[in-house]
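S.K.: A single structure is presented below for examination.
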Amino acid sequence: MEEKTLDENRQGELLMVEENALPLAPKNGKKLLLESYGCQMNFSDSEIVASILTQQGYTTTRDAEEADLVLMNTCAIRDNAEQRVRGRLQFFSGLKKKRPHLQVGILGCMAERLREKLLEEEKLVDLVVGPDAYRDLPNLLDNLESGQKGVNVLLSREETYAEITPVRLNTNGVTAFISIMRGCDNMCSFCVVPFTRGRERSRDAESIVNEARDLFQQGYREVTLLGQNVDSYKWNINNKGEISDPSKPTVNFAQLMEKVALIHPDLRVRFSTSHPKDMTDEVLQVMAKYENICNYIHLPVQSGNTDVLKKMNRGYTREWYLERIAAIRQYMPDCAISTDVIAGFCGETEEQHQDTLSLMKEVGYDMAYMFKYSERPKTLAERKFEDDISEEIKGRRLKEIIDQQMTHSAACTQKHIGKIQRVLVEGTSKKSTEHLYGRNSQNVVVVFPKGNIAPGDYVDVQMQACTSITLNGSVVQHYPRVI
Ligand code: 5AD
Ligand code: SF4
């Protein structure tokens, strides 16, 4: 297992608009290449950008050689994420020499972090647009036509793109992301997100439920509700408890999830990311009540030591975190739990590192995303603490964390063997065209013989064998999708 998130596995994926999903806007003859890096939120944002630009008449391409406009939706969370984008930018700069009319733009977190720097000092791009300014893209592109450079990195307290219908990119027609909130107010000391994505704000609950219902009617069978901290979702009520519109109900995350689950029992609901300090029993109760809310929680711990957690400004202790894990297990004994861990945060001692290992052992995570600490400009940690753990020690600690997690992941996958579980079918297995794959409620990939089964169907699978992260089984019951 490398230091890599699931999301990063998809990094640089080219995003194509499905032809049949194109809204009816007159084409302008220009081709857009849209590349996305980083978290699921960025992939979801790219679907908003695609919606805005297809309305302007752009069509998409995967081929850089034929693109008129290249947009890279970027991530700034760790330095290596930025370096990857910079490498790619150099490539596009080379292409620009051959084809001077090519326009190159940076979207997302790097745009926000570096602002005019990319535009002016490095002269690598024509367009720099932050995560809250995508509505301004048509206008900025017009400015480019008249020879001006385009930059808008204004962050907003209100923008949620609520009424923009995303254009689904690279879709399997079965699973989709729905963004329910934007920004983050948590200020974890290592994290650049509050600076690049701005203040936390929630999206209108009704627009979220409508989007999920539309997706179900189009044949989708799973939605993932996305936010940096979904547990602090609240609609029609602010942090002080003041209600914005007394004629309408207030909605918290547990209530929102219930509304989405009630759309149809065949629509699966997932969500990401939870925060240990905010995850309520109400959320767990709703999860336990509805069969179609998946038994999977991503609960980033970051460190197993209370003093390090305090320095990270996470707002909980080791004991608090373990109590939340106990609560999850009490409501849903079968629930899979995954986490994020950072190795070698400022001043981390060997004992504190051991506390992370012991916590991970105690929880027995199904899966983990594991990282070396990477100092980020402007963050609290950069200003207050020294990044004093050497690369060598960070690397060794990370390896210990990864090695231990690999044994936990394998044991967790093994636990499913012998059981019959409901699986939502997503597509053809990468290894064999005679096999399909899907996921069980716990988010484990399950491979099984194709038969007459199609993506979007549900199947009950008897689990027979596994690798460390994938299950194999045979189908005992088939429920075809009815659209
Ligand atoms: N260095 C290393 N990892 C980080 N993360 C966030 N900021 C940093 C950083 N500066 C990790 C955290 C977070 C995940 C999305 O990325 O574990 O939960
Ligand atoms: Fe970053 Fe913390 Fe917000 Fe997550 S909760 S985005 S780690 S500041």
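S.K.: Are any of the residues in segment 250-265 over 30 Å from VAL423 (Cα atoms) and not in a strand (DSSP E or B)?
M.R.: Within segment 250-265 (the criterion being over 30 Å from VAL423 (Cα atoms) and not in a strand (DSSP E or B)), the answer is yes, since at least one residue qualifies.
S.K.: Which is within 16 Å of ligand 1 (Cβ to nearest atom) and either free of Cβ contacts under 8 Å to residues at least 60 places away in the same chain or closer than 18 Å to SER44 by Cα (or both), of ARG221, ARG197?
M.R.: Only one candidate qualifies: ARG197.
S.K.: Among ASP63, ASP68, ASP45, which is at pLDDT 90 or above and open to solvent by 40 Å² or more (accessible area, probe 1.4 Å)?
M.R.: ASP63
S.K.: Ok, one more. So in segment 367-384, with the set limited to residues that are more than 14 Å from ligand 2 (Cβ to nearest atom), within 30 Å of THR467 (Cβ to Cβ) and in contact with a Ser or Thr (Cβ under 8 Å, 6 or more places away or on another chain), which one is most open to solvent (accessible area, probe 1.4 Å)?
M.R.: MET367
S.K.: I've got another one for you. Which of the numbered conditions does ASP231 fail, given that it passes all the others? Conditions: (1) under 15 Å from PRO131 (Cα atoms); (2) in contact with a helix residue (DSSP H, G or I) (Cβ under 6 Å, 6 or more places away or on another chain); (3) among the charged types (D, E, K, R).
M.R.: Evaluating ASP231 over (1) under 15 Å from PRO131 (Cα atoms); (2) in contact with a helix residue (DSSP H, G or I) (Cβ under 6 Å, 6 or more places away or on another chain); (3) among the charged types (D, E, K, R) leaves (1) as the failure.
S.K.: Let me ask you something else. Are any residues in segment 50-75 of a type in the set (Val, Ile, Thr) and within 25 Å of CYS191 (Cα to Cα), and if so, which ones?
M.R.: Selection gives THR74 alone.
S.K.: Would you tally the residues in segment 172-185 being open to solvent by 30 Å² or more (accessible area, probe 1.4 Å) and near ligand 2 (Cβ under 9 Å from one of its atoms)?
M.R.: The number of residues fulfilling the criteria is 1.
S.K.: For ASN252, indicate whether it is under 16 Å from SER441 (Cα atoms), away from ligand 1 (no atom under 16 Å from the Cβ) and modelled with pLDDT of 95 or more. Before you say what the answer is, go through the steps one by one.
M.R.: Working: under 16 Å from SER441 (Cα atoms): no; away from ligand 1 (no atom under 16 Å from the Cβ): yes; modelled with pLDDT of 95 or more: yes.
Considered against the rule, which asks whether it is under 16 Å from SER441 (Cα atoms), away from ligand 1 (no atom under 16 Å from the Cβ) and modelled with pLDDT of 95 or more, ASN252 comes out as no.
S.K.: I've got another one for you. Being open to solvent by 30 Å² or more (accessible area, probe 1.4 Å), touching a Phe, Trp or Tyr at 6+ places or on another chain (Cβ under 8 Å) and over 29 Å from GLN354 (Cα atoms) narrows it down to one residue among VAL425, VAL475; which is it?
M.R.: Values: VAL425 fails: open to solvent by 30 Å² or more (accessible area, probe 1.4 Å).
Just a single option satisfies the conditions, and that option is VAL475.
S.K.: Starting from residues that are within 16 Å of ligand 2 (Cβ to nearest atom) and part of a loop (DSSP other than H, G, I, E, B), keep the ones in segment 219-243 and report whichever is surrounded by the fewest Cβ atoms within 10 Å (Cβ to Cβ).
M.R.: That would be ASN239.
S.K.: Further question on the same structure: For the list (1) in contact with a strand residue (DSSP E or B) (Cβ under 8 Å, 6 or more places away or on another chain); (2) open to solvent by 20 Å² or more (accessible area, probe 1.4 Å), I need the number of the one condition that LEU140 fails.
M.R.: Result: LEU140 passes all but (2).
S.K.: Here is a follow-up. Of the conditions (1) over 22 Å from ALA326 (Cα atoms); (2) surrounded by fewer than 22 Cβ atoms within 10 Å (Cβ to Cβ), ASP307 satisfies every one except a single condition; which number is it?
M.R.: With respect to (1) over 22 Å from ALA326 (Cα atoms); (2) surrounded by fewer than 22 Cβ atoms within 10 Å (Cβ to Cβ), ASP307 is out only on (1).
S.K.: Filter segment 244-270 for residues that are basic (Lys, Arg) and open to solvent by 40 Å² or more (accessible area, probe 1.4 Å); which is farthest from ARG439 (Cα to Cα)?
M.R.: Among those that are basic (Lys, Arg) and open to solvent by 40 Å² or more (accessible area, probe 1.4 Å), it is LYS248.
S.K.: Return the residue satisfying two criteria in turn: it lies in segment 337-355 and is surrounded by 22 or more Cβ atoms within 10 Å (Cβ to Cβ) and more than 16 Å from ligand 2 (Cβ to nearest atom), and of such residues it is nearest to GLN228 (Cα to Cα).
M.R.: ILE337
S.K.: Sticking with this structure for a sec: Exactly one condition in (1) under 17 Å from the mean Cα position of the chain (by Cα); (2) within 16 Å of ligand 1 (Cβ to nearest atom) is false for THR160; which is it?
M.R.: (2)
S.K.: Looking only at segment 133-175, how many residues end up being assigned by TED's automatic domain parsing to the domain that holds GLN55, of a type in the set (Asp, Glu) and in contact with a helix residue (DSSP H, G or I) (Cβ under 8 Å, 6 or more places away or on another chain)?
M.R.: Of the residues in that region, 0 qualify.
S.K.: Give the number of residues within segment 385-401 that are open to solvent by 80 Å² or more (accessible area, probe 1.4 Å) and aromatic (Phe, Trp, Tyr).
M.R.: 0
S.K.: I'd like to know if segment 402-414 contains one or more residues that are open to solvent by 20 Å² or more (accessible area, probe 1.4 Å) and over 30 Å from GLY344 (Cβ atoms).
M.R.: Initial filter on segment 402-414 (open to solvent by 20 Å² or more (accessible area, probe 1.4 Å)): 403-404, 406-408, 410-411, 414.
Next cut, over 30 Å from GLY344 (Cβ atoms) only: 414.
Within segment 402-414 (the criterion being open to solvent by 20 Å² or more (accessible area, probe 1.4 Å) and over 30 Å from GLY344 (Cβ atoms)), the answer is yes, since at least one residue qualifies.
The values are calculated or read from the model by the stated rules, or taken from the named source; none is laboratory data. Since we're looking at a predicted model, the values are computed, not measured. Cβ: placed from backbone, ideal geometry, glycine included. Neighbour counts: every protein chain shown. For the accessible areas, the whole protein counts, side chains as well, though only heavy atoms, and no ligand, DNA or RNA atoms are used. Shrake-Rupley method; radii C 1.70, N 1.55, O 1.52, S 1.80 Å.
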